[in-house]
Ligand SMILES: [Zn+2]
Ligand SMILES: [Zn+2]
């Protein structure tokens, strides 16, 4: 299955995905001299490379995550030529600054997707289909069971859940990855409430963010993404009744932490594509699950792959064998690359370990 063609523009090496004519890597997991980074999630953006290149809108986030790196940025769509390889970055719609990498050399065009999502979420440039001969795709949710409700539907569900809880004097804790998902919920709720507010007059309560969100929210705001005001828990007096009407946005690893006690007997929920499966929600031990994902669902993956016009597809992470088999049976030349990409969860846990929930520097 792992056929190596000397004409390949990207090959899998122990360090990461490598472009032989350009002599650089894409999202390498071991230290290399030149790394093109698709986005700042820590399974894709690691410390220790000599030179980094990312899309211009991702600059603040990448520097926040990896301070002190040598970083060049490229506006979406702008082409540079490196050792004869024409390189450009195109929106992946995954998180702020996320990019697909387009490479052209010797008449061939390859695109490496990184992580992507096809629905426009309002917090980053929407996914752009890029024509190519070979498409390297993720497959995090590459099973036919994964089909997301629209973002508007999910935001309405989250908002209604918050309203019901607030009316009952119960705080609402929603667990969401600190980078990307949290900002999407904040932005999405603000826009949903904007429409609702005209009718009802007020939010059900304050929005409280875990300290791990603060610098990321800041980076989004600096990039021009509008977010609602987010308080720290300590901005409210310990026995304030407002705590019982609050919506608390916290990373999943904050679940069960002492920080949550001040909110009393709260209702909790997890926002993740994995919530589409009932068993995952039970294992998480939360009251509600919202299937809000920053990755393409099954129809999204297939539509993105088709839109590239590629005849060859290489699958990097997620449900790899299922996707490879599905594509092969339908006439694509499909194969897998073994990579070290995976869940954002580990990164998230680290971010929380490094951050005080009240946002104080540690
Ligand atoms: Zn990601
Ligand atoms: Zn990934």
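The values are calculated or read from the model by the stated rules, or taken from the named source; none is laboratory data. These numbers come from a predicted model, not from an experiment. Methodologically, a virtual Cβ is constructed for each residue, glycine included, from the backbone with ideal geometry; neighbour enumeration extends over all protein chains shown.
Here's the yes/no breakdown for (1) farther than 24 Å from residue 166 by Cβ; (2) within 19 Å of the chain's Cα centre (by Cα); (3) within 16 Å of ligand 1 (Cβ to nearest atom):
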| site | (1), (2), (3) |
| --- | --- |
| 203 | no, no, no |
| 245 | no, no, no |
| 250 | no, yes, no |
| 271 | no, yes, yes |
| 276 | yes, yes, no |
| query | If residue 241 satisfies every condition in (1) farther than 15 Å from residue 187 by Cα; (2) within 28 Å of the chain's Cα centre (by Cα) but one, which is the exception? | reply | (2)
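Every residue, every condition in (1) in the same structural domain as residue 284 (by TED's automatic domain parsing); (2) at negative phi, yes or no:
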site	(1), (2)
137	no, yes
161	yes, yes
180	yes, no
185	yes, yes
211	yes, yes
223	yes, yes
227	yes, yes
236	yes, yes
| Here are 240, 253, 267: which of them is touching a helix residue (DSSP H, G or I) at 6+ places or on another chain (Cβ under 9 Å) and at pLDDT below 95? | 253
| message | Can you confirm whether residue 152 is away from ligand 2 (no atom under 16 Å from the Cβ), assigned to a helix (DSSP H, G or I) and crowded, with 17+ Cβ neighbours inside 10 Å? | response | no
| request: Inspect segment 73-92 for any residue being surrounded by 19 or more Cβ atoms within 10 Å (Cβ to Cβ), under 20 Å from residue 299 (Cβ atoms) and touching a strand residue (DSSP E or B) at 6+ places or on another chain (Cβ under 9 Å) and give the result as yes or no. | output: yes
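Here's the yes/no breakdown for (1) within 16 Å of ligand 2 (Cβ to nearest atom); (2) under 30 Å from residue 15 (Cα atoms); (3) not assigned by TED's automatic domain parsing to the domain that holds residue 215:
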residue	(1), (2), (3)
247	no, no, no
250	no, no, no
265	no, no, no
274	yes, yes, no
283	no, no, no
317	yes, yes, yes
325	no, yes, yes
335	no, yes, yes
340	yes, yes, yes
| field | Qualifying positions in segment 108-120 - more than 11 Å from the chain's Cα centre (by Cα) and over 12 Å from residue 305 (Cα atoms) | value | 108, 109, 110, 119, 120
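Quick grid of which residues meet (1) more than 16 Å from ligand 2 (Cβ to nearest atom); (2) closer than 30 Å to residue 20 by Cβ; (3) surrounded by fewer than 17 Cβ atoms within 10 Å (Cβ to Cβ):
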| residue | (1), (2), (3) |
| --- | --- |
| 102 | yes, yes, no |
| 115 | no, yes, no |
| 137 | no, yes, no |
| 160 | yes, no, yes |
| 173 | yes, no, no |
| 185 | yes, no, no |
| field | Verdict on residue 291 being crowded, with 17+ Cβ neighbours inside 10 Å and in contact (Cβ under 8 Å) with a residue 40 or more places away in the chain | value | yes
| said: Looking for something farther than 22 Å from residue 16 by Cβ and out of contact with any helix residue (DSSP H, G or I) (no Cβ under 7 Å at 6 or more places or on another chain) - is there at least one such residue anywhere in segment 40-55? | reply: no
| said: So, in segment 303-315, how many residues would count as being in contact (Cβ under 8 Å) with a residue 24 or more places away in the chain and away from ligand 2 (no atom under 16 Å from the Cβ)? | reply: 9
| Leading residue by the ranking (surrounded by the most Cβ atoms within 10 Å (Cβ to Cβ)) among those in segment 15-33 that are assigned to a strand (DSSP E or B) and without any contact (Cβ under 8 Å) to a residue 40 or more places away in the chain | 25
| query | Looking at (1) within 16 Å of ligand 2 (Cβ to nearest atom); (2) part of a loop (DSSP other than H, G, I, E, B); (3) more than 26 Å from residue 334 (Cβ to Cβ), which is the one condition that is false for residue 39? | reply | (3)
